[in-house]
Structure formats: C-alpha cells, structure tokens
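One structure is given below, encoded as structure tokens.
The values are calculated or read from the model by the stated rules, or taken from the named source; none is laboratory data. If you're wondering where the values come from, they're calculated on a predicted model, not measured in any experiment. So basically every Cβ, Gly included, is an ideal-geometry build from the backbone, and we count neighbours across all protein chains shown. Surface accessibility is based on the protein's heavy atoms, side chains included, excluding ligands, DNA and RNA. Shrake-Rupley method; radii C 1.70, N 1.55, O 1.52, S 1.80 Å.
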Number of protein chains: 2
Amino acid sequence: MGHRLADASGPARLAAPEEGIGRDELALAARNHGLPLEALRHDITPPGLHYVLTHYDIPYVPDDTSWHLALGGQVRRPLRLSLADLRTFPQVTTRVTLECAGNGRALLTPRPVSQPWLVEAVGTAEWTGVPLRLLLAEAGIEPDAVEVVCTGADHGVERGVEQDYQRALPLDVAIGGDPEVLVAYAMNGAPLPPQHGRPLRLVVPGWYGMAHVKWLCEVTVVDEPFTGFQQAVAYRLRQHPEDEGEPVTRIAPRALLVPPGFPDFMSRARVVRPGTVTLEGRAWSGRAAVTRVEISTDAGRTWQEAGLDPGDGHRWAWRRWRHSWTAIPGEHVLSARATDADGHTQPLDQPWNRGGFANNLVQRVPVLCLDEGAAEAGQ
Amino acid sequence: MGHRLADASGPARLAAPEEGIGRDELALAARNHGLPLEALRHDITPPGLHYVLTHYDIPYVPDDTSWHLALGGQVRRPLRLSLADLRTFPQVTTRVTLECAGNGRALLTPRPVSQPWLVEAVGTAEWTGVPLRLLLAEAGIEPDAVEVVCTGADHGVERGVEQDYQRALPLDVAIGGDPEVLVAYAMNGAPLPPQHGRPLRLVVPGWYGMAHVKWLCEVTVVDEPFTGFQQAVAYRLRQHPEDEGEPVTRIAPRALLVPPGFPDFMSRARVVRPGTVTLEGRAWSGRAAVTRVEISTDAGRTWQEAGLDPGDGHRWAWRRWRHSWTAIPGEHVLSARATDADGHTQPLDQPWNRGGFANNLVQRVPVLCLDEGAAEAGQ
C-alpha cells in the first residue's frame, strides 16, 4: 500500500446536526487562540492576547540576521533584502484591527469543520514596517503585472496539497497608498513574536487575516491571476462545493461586548447584580469607518444607539463604544450591532457559506441578573 | 421565579461515550491556550506561547501603582506592600516549567467536562520576584500557623459558589528555601502580561499551575487547614463524586515531542519523508530531576534511551532530549517517556480521576512517512 500526502488529509466537510466539536477541531483550538473578550478594554491588545491562527507549524527562526526577503517576478530589478536592508527604507506605523476570516464559524448551523472560532478571533496592534509600494517601486513593476504573490515560510498540507502558505494581492491593493500595505518587522514597538510572523509579515489594513502573510520570504509580481490553494480553493464564499465562489477580502463590520459582570467558570454564563451596568466594547469594519453602534438588551427586539468614541485618526483600528444599562433580575440577552459609513450593517440572521468565512452575525451575550441581595455563597 | 448563582452553574460531570466537545468546553479552549508544540524548541517559551488558563476574567489593571499586597492573619505585623515596596526586598529569578493540573484531560475516557486540554498546557519562563519566605519573616509568623492562603483578584462562580480565586500552601512549602516560592512581578525580564497575573503572582516551582495564584492581592496565614472551593472541592484526585480525594500538588513527570516533519492543517497529522529524522523534545518533573527519557517509534512496543541535555542548574525547568530515528514509509506512532530521580515514570495506560488532574499518560504522535519520491503536489 502506498503512503501519500492524501492519506494525511480529509475532504472539507460540514458537521452533522448535533455533532460536537471533534478532536481535530479541538487540536486547532488548543494551539490557536482568540482574544479573551475582557481584553477588548485595551486600545491596543497586550502581548499574547491578540488572536493567533497558524495553518501549519510556527517556523523556528533562531537568528533573524540570516533572513532575506526576495522580490522578483515581473520586475526590472529583482531584490534580495535583509532585515537591515529593510530598515534603510522609510518606516511607517499603523494601528490595525485584524480579524480571522473564519471568526464566528463554530456558531454556524451547519458548522463548517475547521478552526472552531466562536467570536473572539480579533486583536489590535501597532505594526511598524516598510510600505510594500516602496519596495515594489524600487524593484520596478513591469507593465503587464496584475497581482503580487506573497509567500510565507510555513509549510504543510491541506486537502492533499503540500504547500508553503501563499496568498496574492491585487496590484492596486499592493501598491495602494491609503492604506499602505506594510512589510512589518515590529509589533507594538518590539520585534514580531514567533507566532505573529517573526521576523517579517505582511499587514494589509482592512483585510481579513489570511491576507497578512506571516514569515514572509518572497514577494513575486505576476502577470496572471494566482491560482494557489489559499486563493482558488480556500478563502472563497461558496454555497455548494462546486461553486467557483467569491474571494474573501475586506473585513465586514462587527461589534463585540466586553462581557459584563463576572463569569461562571464552566458555563461561561455572565452574572450581574441589579442596577446600572456600563456596557462597553469595540466595533470595526475593513470596508469603511464605523459610524454607528446600536445596543439591544432584549435579544434584538429593540435597539438603542450607543456612544461612540472618536476614532483618533486610527481609521484601521476598532472604535470603543459605551452604553448604560439598568439591569433587573432575570435572564437577558445583550447584543451590539455595528454599521459603517458605506451602510453595511451586521445581520441578525446568520450569513452562511461552506467555509464559514466573513460571517458577521450579531453577537448574543446571555446574562443572568441576580435577585436583589442574592447571597455571596463564597468563602 | 428567583434568579440565583446556582442558575449559572451546572454540576461537575463526565462526557457520555462518543460525546463531542461541547460549546462550554470550546469557549474555554478559545480563550485559554496551550503551547504550540513546535515551540518546545525554545529553552524559554516566547511571549504569548506559554500556556494560559484563567478560571474567570483577566482582571483589568490599567495602573500598577495602586496595587497592594496585604499580608495578614496569624502574623505579628500585618503588612501592606506596594510594588515599589516589594522591589526593596531581595530579588530572585528562577526558571520554572509550569503545567496545568488538567493537562491531558480531553484524552481521557471517560472525559471529565472542563477545560479540554490535549497535552499542550505547559510553558517555561524566568520568573523574578521576592521570596515569599522573606515577606512572611518580615510579618512574623505566629507559632500556631499551618497554611498560607493566597487570594487573587479574579472573581467568578463555580458550581454555584461565588469566589475570588484562592489557594493555600502548607506552611513548610510557603517558607521553603529550596525551592523558594516567589511573589513574582516579572516574567522573562518584563512586567507580567495581564494573562499571567499582572502585576503580581505566586510562583511555586514544581507544583501544578493551580498553586501559582495570579493577580495576587492577599496572603493570609491561617491556623487551620483552608477549606475554600479550589482546595476542598476542586483540584482533588477522586474516583467517585463522594470521595474526599487527595489534593493535587506536584507535577508528575512528562515528556513531549516537538512534532516531526510538517502538519496537515485540519487533521494535524504529521508527515515526514523517509530517512533520518531527528526527534527532540522536553521532559520535566516537579517531584525530582528527570534522569531518563526513552523513545518508542513503534507505538510503545520497544523503547530506546534518548540523549538528555544537562540541566544547566535549572532544576525546576524542563530538560531537552534528542534521538535519531530512521523513518521508513508507512504509519508510525512515536512516544517519549520520562523518568525522574525518585523512580516515577510515565504510565502507558491512562491514570484516571474525575477531575482529569495530574494525568501524565505517555504522548502518542501518529506520523505518516511518505513513499520515496512522493510528489510535492503544491504550487
């Protein structure tokens, strides 16, 4: 019997009704992680709390000095740049909210079997690096260029296809000036942590995480659309397996709440006492600035407008919102709903596709408000 | 109908046969995270890759300067110490491997329903702080003292009991000099990250994670055994719900492998090509120094001794081991087994208790070795 790559891979599939999370999904959930939602209080996500998703292993790079970025393909002057070389280019720092394209997947019915995110695959950081447009200008783009393929050093198999992680950006995005795509070498003022792409990653403000290629080692300008696995097979919006599908691109608007009160360890149910509870959270969109956040404390029946902090010029980062709620004893379901300047708003019914991508269903946070004077039964 | 804390909590339970991971377990897995096992290559775990388990929310501490540690109870001079006060005491740095008491729980049959760790709830850091024995000496322990209760600022409910997280140490451990228990304010030379207890945590070298109280705000010397929830209800080894149970204390020996080759994204199966594969990993024990690591490449039928790096004086940290394996095409199961100086060794059959604690079953890593020349089907 032969032993082939296909033996390591199953086909894409949907979970059966009532099927629990499997060992494979759990293995992904144990190594990748989301933002603990109470950390939405921080403007910039503290180290280690930003969401992480790696398709394969985190490459081991004990020595940054031997790393090189190769720029080639349809360019006049191919480049090979060390980190020291990159630091001679102008440096830009941008505050960016990054979200995984699969955020919310595990709440879908039926559930696409993959990394089982609930709603927490998000984080905000200050990324520092060289604008990709400057590197491409230095290399000199040939006139027939249409896309820029970015290759990471992470290596693995998906559905029987052995690959380095690769994604392409349309040329106009890659050379865009607002926002600038960055070849980033620092996160919050420090070298990139291994899990965020050390020593180099792409940062594409406004786009879902799959575009921000980590462990970046090659940038190749191409004259026809890229058909690699992560472009043509994965990260497409399909209703049926045979659909060509639309590509996943920019982040749809979403608002999340800082969970109010305190949790039960196991059920993660939230508990509050009667009285005024300040609700707060963050809202973001990769399409246009968030202009409105509405709050419901009655499971989506009625909505009230929340106060929205000024964006402080950080167009590509989340905005804080607040709302005062008077909790009365009983069970409640809280939600927040973001709308952006283009009129995109979050749906109350699930948007569904086979990959569970770009789903921005409104969050539902069940809260138990205790009776007045309910005893503290602790020690 | 009344609304009480008990409404937020279910009873402890075991999963039914074939029951998948539930929404509650997934919510824990999405916010807590393990060490991606390829990061076992690092002597000291890089920031954000060390395992994290928080029972409740991570407290929000925007300003460390207002934090105080109160030492009281059966002492002659109660103390109230700021971080600045703590820095006037002698400072100790210790390299410690920390493991969650529930590591391995999700692999047990039947599976205790709780944080669903596979095997990755571990990490190693350099912790810097004041020896607890010096603080207790400063306060002056009364002669009737038996335990030291440590209280964190994290607040929540468990099985209907509202509580701040609290754990007690036996007095001899709390005032021990080898190892010294630390009141730590730095991790790897930087202030503690929020999820690791900012600004203060206990570090108890050799003990499972539940003893290392995070967000430490009170240390209380008591003259009778502490019966708080995390001591008398949780973290005990029980076969039946009504057992009193033995307390969980020191870390049992365990070895883990750096996963060889490369992974399939979804199945997490490991793939290698035929030929020499260097196997490596780490081994640790909180009971006595690890003295031996054995490797099996045939699902535990035969074992060979691995090479063990010197401990370099870091008694409370893991040790690296290596072994050379000649892979031939086919399916293999790799294991490593640690033994410590007291003769404790890892079991091949699962040790089981209702909490899934202190389980150090030998890891099994299925590996697919491809046929010679199996094509790279990637882009």
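Tell me the chymotrypsin sites (Phe, Trp or Tyr not before Pro) within segment B:32-95 that lie in a loop according to DSSP and have at most 13 other beta-carbon atoms within 10 Å.
Numbers: sites: B:51, B:56, B:60, B:67; in loops: B:51, B:56, B:60, B:67.
Hits after loop and neighbour filter: B:60.
Sorted shortest first, the distances from the residue B:331 label point to those of the same residue in the other copies are 4.4 nm; each point sits 7 Å from Cα along Cα-to-Cβ. Placing +1 on each Lys and Arg Cβ and -1 on each Asp and Glu Cβ, with no other charges, gives segment A:299-360 a dipole about its Cα centre of roughly 100 debye.
On the principal axes of its alpha carbon atoms, segment B:269-379 extends 47, 37, 30 Å, with the longest extent given first. In sequence order, segment A:47-63 has phi-based couplings of x, x, 9, 4, 4, 9, 9, 10, 5, 10, 6, 6, x, 8, 10, x, 9 Hz under the Karplus curve 6.51 cos²θ - 1.76 cosθ + 1.60, θ = phi - 60°, and Gly or Pro positions carry x. Put simply, the Cα atoms of chain A extend 73, 58, 43 Å along their principal axes, the longest span coming first. Under a 5 Å amide H to amide H cut-off, with H placed in plane at 1.01 Å, what residues pair with residue B:99 once short-range neighbours are removed? Those lying under 5 Å, H to H, from residue B:99 are B:209. Note on the protein assembly as shown: Kirkwood hydrodynamic radius from all Cα pairs is 27.2 Å, rounded to one decimal.
Using a 1.4 angstrom probe on protein heavy atoms only, the contact between A and B buries about 6900 square angstrom of accessible area, both sides summed. Summing charges over all other residues whose Cβ lies under 12 Å from the Cβ of residue B:230, with Lys and Arg as +1 and Asp and Glu as -1, gives 0.
A Stokes-Einstein calculation at 25 °C with viscosity 0.890 mPa s, built on the Kirkwood radius of segment A:71-113 over Cα pairs, returns a diffusion coefficient of 163 µm²/s. Relative contact order for segment A:12-152: 32 percent, from Cα pairs under 8 Å spaced at least 6 residues apart, divided by residue count. For segment A:26-37, 3J(HN,Hα) computed residue by residue from phi via the Karplus equation (6.51, -1.76, 1.60; θ = phi - 60°) reads 5, 4, 5, 5, 6, 9, 7, 7, x, 7, x, 5 Hz, glycine and proline entered as x. For the protein assembly as shown, the 222 nm mean residue ellipticity estimated from helices alone, with every DSSP H stretch of n ≥ 4 adding -39500 (n - 2.57) and the total spread over all residues, rounds to -1500 deg cm²/dmol. Taking only the Cα atoms of segment A:175-267, the ratio Rg/Rh comes out at 1.07, with Rh defined as the Kirkwood radius. Give me the Debye-computed log₁₀ of I(q)/I(0) at q = 0.09, 0.14 Å⁻¹ for segment A:33-168, equal point scatterers on Cα only, no solvent, two decimals. The computed values of log10 I(q)/I(0) come out as -0.39, -0.92. The spacing between segment A:156-189 and segment B:147-174, judged by their C-alpha centroids, is 46 Å.
Each Lys or Arg adds one and each Asp or Glu subtracts one; over the other residues with Cβ under 14 Å from the Cβ of residue A:66, this totals -1. Placing +1 on each Lys and Arg Cβ and -1 on each Asp and Glu Cβ, with no other charges, gives segment B:174-325 a dipole about its Cα centre of roughly 720 debye.
Once the convex hull of all Cα atoms in segment B:259-334 is built, its volume per residue stands at 118 Å³.
May I ask for the net charge around residue B:343, where only other residues with Cβ less than 12 Å from the Cβ of residue B:343 are counted and Lys, Arg are +1 while Asp, Glu are -1? Mind dumping the intermediate values first?
Values: positive: B:287, B:292; negative: B:340, B:342.
After counting each charged neighbour, the total is 0.
So who's got an amide H within less than 5 Å of the one on residue B:237, skipping anything under 5 residues away but keeping other chains? H placed 1.01 Å off N, in plane. Here B:246, B:248 satisfy the definition.
Close amide H partners of residue B:281, meaning residues 5 or more places away or on another chain with modelled amide H under 5 Å apart, are B:258, B:321.
The charge dipole of the protein assembly as shown, taken about its Cα centre with unit charges on the Cβ of Lys, Arg, Asp and Glu (plus for the first two, minus for the last two), comes to roughly 320 debye. For segment A:28-109, the relative contact order comes to 19 percent (Cα pairs under 8 Å, sequence separation of at least 6). Taking every C-alpha pair closer than 8 Å and separated by at least 6 residues, the mean separation divided by the residue count of chain A gives a relative contact order of 17 percent.
Average accessible surface for the protein assembly as shown: 38 Å² per residue, computed with a 1.4 Å probe over protein heavy atoms with every protein chain in place. A simple rule links phi to the HN-Hα coupling: the Karplus curve 6.51 cos²θ - 1.76 cosθ + 1.60 with θ = phi - 60°, which for segment A:78-83 gives x, 10, 9, 10, 7, 4 Hz, with x for Gly and Pro.
Beta-bridge orientation, the protein assembly as shown: approximately 90 percent antiparallel, per DSSP, counting only bridges with both partners inside.
Loop-located trypsin sites (Lys or Arg not before Pro) across segment A:71-106 with a Cβ neighbour count of 15 or fewer within 10 Å are A:76, A:87, with loop assigned by DSSP. Separation of segment B:74-127 and segment A:281-352, taken as the distance between their Cα centroids, equals 37 angstrom.
The accessible-area loss of segment B:111-126 on complex formation, taken against its chain alone with a 1.4 Å probe, reaches 50 Å² or more at B:118. The Cα-based radius of gyration of segment B:161-222, divided by its Kirkwood radius, gives an Rg/Rh of 0.96.
Quick check: convex hull over the Cα atoms of segment A:330-370, volume per residue in Å³, rounded to an integer?
Per-residue hull volume (Cα only) is 84 Å³.
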